[in-house]
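Below you'll find the structure, written out as structure tokens, and then a few comments.
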Amino acid sequence: MALSAPSTLISHNRAVNCLAFSLPKLGNLAVNHQQLHSRVNFHSFSDPPYVHQCRNGGIFPPSCLAKTVVSDVGVHNSDFTTDAAADDTWSEFAKNVSGEWDGFGADFTIEGTPIELPESVVPEAYREWEVKVYDWQTQCPTLAEPVENTMTYKTIKLLPTVGCEADAATRYSIEEKNIGGVDNEVSAFAYHSSGCYTAIWSVADKNLLELEHCLINPRDRESRVRIIQVVRVDGTKFVLQNVRVFCEQWYGPFRNGDQLGGCAIRDSAFASTAATNASDVGGVWKGSNAAASFDSSGDNFLEELKANGVMKSIRDGSNLILLPKQLWCSLMDSGGETCIEVGWLYDQGYAITSRCCFSREGKLKKVSIARETTVLEGV
């Protein structure tokens, strides 16, 4: 699938960690360029002398960028052990979640099997070659207002194309979501300053809930996944229907989807790649977590995920839905509660997870996001 290449040039080094930071304001930069530079990666001294270019043509030589490598646990409060100042949490979240997030998306059955795209959208050449297409190329322009506690984003699906035809990109569908304000559509929304969030969406007249989990890679702040679990609610019973997965990269400040990632996109279709190994996820896990509580009234639909100590989890690999890209999800009933979880094994023995727990009456009680590591036997 092909789109026009972006004009912004940003060097990327996936071997080292990234750090969100703000550079001093410069007179010849537009306001939203501060967000762009807050996400520029740091590079080790062994890296080549990259040049960073803004969309307005401003050039930043390497000398103006600090070069360092930061530890995994030291990246911008992402280990969930401390909280940002109350007044700053949403604004920090807004900075980290806003921008152009491009990538690929796919639907999966509850067995983890990818679902083919409708035949009507697949190019004739693919059908003639009997090539199965599972992935949409997607855009997710996101804008969170730092003061007003509102956020809006669009999930844009692009029609598949053959080859790298820059002018062939056509939008198939656009789904817009609004959080907060007069246009609020979300039933519950829990956010963390790192840019991670969990949202509960009600699907009208269908007794369905969509549980959306957005997880930022702790070792690459410009990489994230969004996993959406579609759940049917039958009284107080929750039944998982299917799963949607979006693997996305940050391409620059918010432009409402005008700038397409195209052939320069840094990721590739993933739906038909190998699923996560159950043995890599099963066992005992432990790590810091951030949590938010919700009451049955529904008045507190917007909540900050705050540091909540250490959480221990025991997972049985046989009860998980195993997905590509080192992802998994599950729905478990325990002690009268239903816990619905997703996880991302971003490195061997290291995972970031999101969990929603519902009461026996079917009401949301708690949302938590955790950074976990495996616990060795006998420890």
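The values are calculated or read from the model by the stated rules, or taken from the named source; none is laboratory data. This is a predicted model, so every value here is computed, not measured. Note that we place each Cβ from the backbone using ideal geometry, even for glycine, and neighbour counts take in every protein chain shown.
Quick notes on this one:
- Test for A307: is it buried (at least 21 other Cβ atoms within 10 Å of the Cβ), more than 30 Å from V162 (Cβ to Cβ) and of a type in the set (G, A, S): no
- All of (1) within 19 Å of S202 (Cα to Cα); (2) touching a helix residue (DSSP H, G or I) at 6+ places or on another chain (Cβ under 6 Å); (3) charged (D, E, K, R) hold for E361 with one exception: (2).
- Verdict on V133 being surrounded by 17 or more Cβ atoms within 10 Å (Cβ to Cβ) and farther than 24 Å from N256 by Cα: yes
- Positions within region 334-349 being in contact (Cβ under 8 Å) with a residue 40 or more places away in the chain and either within 14 Å of the chain's Cα centre (by Cα) or part of a strand (DSSP E or B) (or both), in sequence order: T338, I340, V342, G343, W344, L345, Y346, D347
- Residue ID - farthest from R244 (Cα to Cα), chosen from residues in region 345-357 that are of a type in the set (A, V, I, L, M, F, W, C) and buried (at least 24 other Cβ atoms within 10 Å of the Cβ): A351
- Residue satisfying condition, being farther than 27 Å from K306 by Cα and hydroxyl-bearing (S, T, Y), within set S223, S202, S193, S268: S268
Table: residues versus (1) within 27 Å of T152 (Cβ to Cβ); (2) modelled with pLDDT under 95; (3) of a type outside the set (F, W, Y).
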| site | (1), (2), (3) |
| --- | --- |
| V243 | yes, no, yes |
| E248 | yes, no, yes |
| Y251 | yes, yes, no |
| F254 | yes, no, no |
| A275 | no, no, yes |
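- Subset of region 350-375 [part of a loop (DSSP other than H, G, I, E, B) and closer than 15 Å to S313 by Cβ]: V375
- Residue within region 338-347 that is closer than 17 Å to V284 by Cβ and aliphatic (A, V, I, L, M) present: yes
- Of all residues in region 190-226, exactly one satisfies the criterion of being among the acidic types (D, E) and at pLDDT below 95, namely D205.
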